[in-house]
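This report concerns only the one structure given below.
Where a number appears in this text, it was derived from the coordinates with a stated rule and is not lab data. From a predicted model like this one, the values you see are computed outputs, not experimental measurements. Positions of Cβ are generated from backbone atoms using ideal geometry, with glycine treated the same way; all protein chains shown enter the neighbour counts.
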C-alpha cells in the first residue's frame, strides 16, 4: 500500500481503504478501480491523499471484482468517457452511475451472461451503455438505490435473448427468448424477465412480441426502451445526441412513453 496525493491518482488504481465524507457517506469503496469521475469527486470533497494498493508483479492492481465483472467495469469506465463526450452523461453524477452499475456487475447470476455478451463487442458495449444511460435516467427520476440496482440489472440483460449475436429480428423473438431464459433462472428476479419481454413493446400497443400498451408495459421497460434506442441512434447509427432526441421525440405517444422522453431530454448536458 502507498499513499498518493490527488494529482498522482490515475484511473484504474485501486483504493486500499474506503473513503468517506464528513457525514460518513461512502465516496469511493476500497477495491473498486478509480475512474475520472471518482477522482473529480474526491477533489470536490477536499480529499488530499488516498491509500492505493501496490501493483503486483505483472503491474496490475488487484480488484475485489471477479475477472468477468472487472473486465465489464473497466469497459464501462471507457464507455462513460464516450458518453461524457457526447454530452449524454456528466462527471457530476458519473460516480453514482458507476457505483450502481459496478454493484450490478458483481451479481453472480449475471456472470454467465456477461461472458456470453463479451464475445460480441457490439452487443457488449450496447448493453453496458444502455445500463449507464438507464441508471442516469433513474437517478433523474429519483429512484432509490434498490430500484437503481434492479434497473441496472434489467438494462444489462435487456438484450440477453440475442445470445452472442447482435441481430434485430422483425418479430422481436430475442425479447421473448430473453424472457424465457431469465424466467427459468432462480437467481434473477421476474421483473428482469418482464423487462426483457417488453422492452420492444410500443406505447400505442402496436409493438411486440405480445402487443402490450401504455402502462401494461412495466416502467423499467418503458425507460429502457428510450435508453436502448438512444444508444442505437448515437453509437450505432452515428446520429448526434440532438438528432437522436429529435427522432425519439417523433415517437412520443406511439413508440415511447412521453414522460420517459421528457426524462431523457432533462438528462442531456447540452
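Remarks
- Sequence ranges 14-21, 171-178, ranked by mean other-Cβ count within 10 angstrom, highest first: 171-178, 14-21
- (i) 30, 20, 18; (ii) 28, 25, 16; (iii) 33, 20, 16, with the label sought being that of the calculated semi-axes √(5λ) of the Cα gyration tensor in Å: (iii)
- Residue exposure sequence - 126, 86 - by fewest surrounding Cβ within 10 Å: 86, 126
- Cα gyration tensor category, rounded, prolate or oblate, for the range 44-158 with a/c compared to 1.5: oblate
- Nearest 10 degrees, 0 to 90: helix 67-85 Cα axis against the chain principal axis: 80 degrees
- Exposure proxy order (Cβ contacts within 10 Å, fewest to most) of 7, 127, 30, 134: 7, 30, 127, 134
- Against the chain, whose longest principal axis comes from its Cα atoms, helix 173-183 is set at around 60 degrees.
- Principal-axis tilt of helix 219-231 within the chain, Cα atoms, nearest 10 degrees: 80 degrees
- With the simple spin-label model, which puts each label point 7 Å out from Cα in the Cβ direction, the residue 122 to residue 92 separation comes to 3.6 nm.
- Counting beta carbons within 10 Å around each of 5, 135 and listing the fewest first gives the order 5, 135.
- Extension gain (nm, one decimal) between residue 140 and residue 249, 0.36 nm per residue minus Cα-Cα: 37.4 nm
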